[in-house]
Amino acid sequence: MTSLPEDPTRPITEDDRDRAVQRLQDAYAQGQLPHEELDERLHRLLVAGTHGELVSALAPLPEEVAAAPSTIAVAGGRIRRRGAWRVPRFLKVESAYGRVHLDLSRAVIEHPAIDIELHLGTGKARITVPRDAIVDAEDVRTGWKDTLYRTPRRARPGGPRIRISGTMGFGRLKIRHAWR
């Protein structure tokens with residue numbers, strides 16, 4: 001979890017709560033918490049209203065170890081992932097020139113949040129996300145064309161949160177939701 005503000009009486013945001021819940025789930029998955037303690041701490045997090053209450057629910061957990069990003073890199077050519085491929089928590093995609101197509105619609109997504117970092121020189125990129133995914137592409141910097149993404153009219157809750165960041169030189173990033 002990112003460092004929390006110094007003021008323990010400050011109200012928490014939904015993003016703060018989501019990060020804290022994710023931290024507890026990760027600790028449980030790594031065997032750092034028994035099931036009963038996870039239930040009790042989750043309840044404390046869900047009713048927490050301030051940062052002080054949030055910190056107390058996470059207090060004795062070991063510090064979070066950031067996972068190393070998985071990298072897909074080519075100097076030139078095409079990067080394509082589709083079908084039932086396993087999506088890592090952090091994915092870095094690097095290409096000097098060429099096309100990138102990441103299809104997450106049938107991928108195995110084991111994490112509630114996925115970070116995709118793009119570093120592309122020239123060439124277009126297309127990312128297809130699951131129908132119920134929540135996409136944040138505010139941190140993508142493009143040198144030539146804007147990112148194309150339309151938020152779906154009827155968003156379904158419960159999907160993965162996909163954060164896309166990075167830089168693109170000449171090309172366009174298109175993000176779309178899968179039909180099924």
Notebook entry, point to check: Among the numbered criteria (1) closer than 22 Å to Asp26 by Cβ; (2) over 13 Å from the mean Cα position of the chain (by Cα), which single criterion is violated by His111?
Noted result: (2)
Checklist line | Verdict on Gly123 being over 24 Å from Gln22 (Cα atoms) and either touching a His at 6+ places or on another chain (Cβ under 7 Å) or surrounded by fewer than 18 Cβ atoms within 10 Å (Cβ to Cβ) (or both) | finding: no
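Check every one of the strands (runs of 3 or more DSSP E) wholly within the stretch 107-180 and list those with 3 or more residues that are within 18 Å of Ser70 (Cα to Cα).
Numbers: elements: 113-122, 125-129, 134-142, 161-170, 173-177.
Counting at least 3 such residues, we get 113-122, 161-170.
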Margin query: Name the single residue that is modelled with the highest pLDDT among those in the stretch 62-84 being closer than 26 Å to Ala29 by Cβ and surrounded by 13 or more Cβ atoms within 10 Å (Cβ to Cβ).
Written below: Arg81
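Residues are listed down the side, and each one gets a yes or a no for (1) β-branched (Val, Ile, Thr); (2) buried (at least 16 other Cβ atoms within 10 Å of the Cβ):
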position	(1), (2)
Glu36	no, no
Ala59	no, no
Lys92	no, yes
Val100	yes, yes
Leu104	no, yes
Ile109	yes, yes
Asp115	no, yes
Leu118	no, yes
Next item on the list: Would you be able to tell me the number of residues in the stretch 24-37 that are over 17 Å from Val55 (Cβ atoms), free of Cβ contacts under 8 Å to residues at least 24 places away in the same chain and part of a helix (DSSP H, G or I)?
Entry: 4
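The values are calculated or read from the model by the stated rules, or taken from the named source; none is laboratory data. Here the structure is a predicted model, which means the values were calculated and not measured. When we count neighbours, we look across all protein chains shown, and the Cβ atoms used for this are built from the backbone with ideal geometry, even at glycine.
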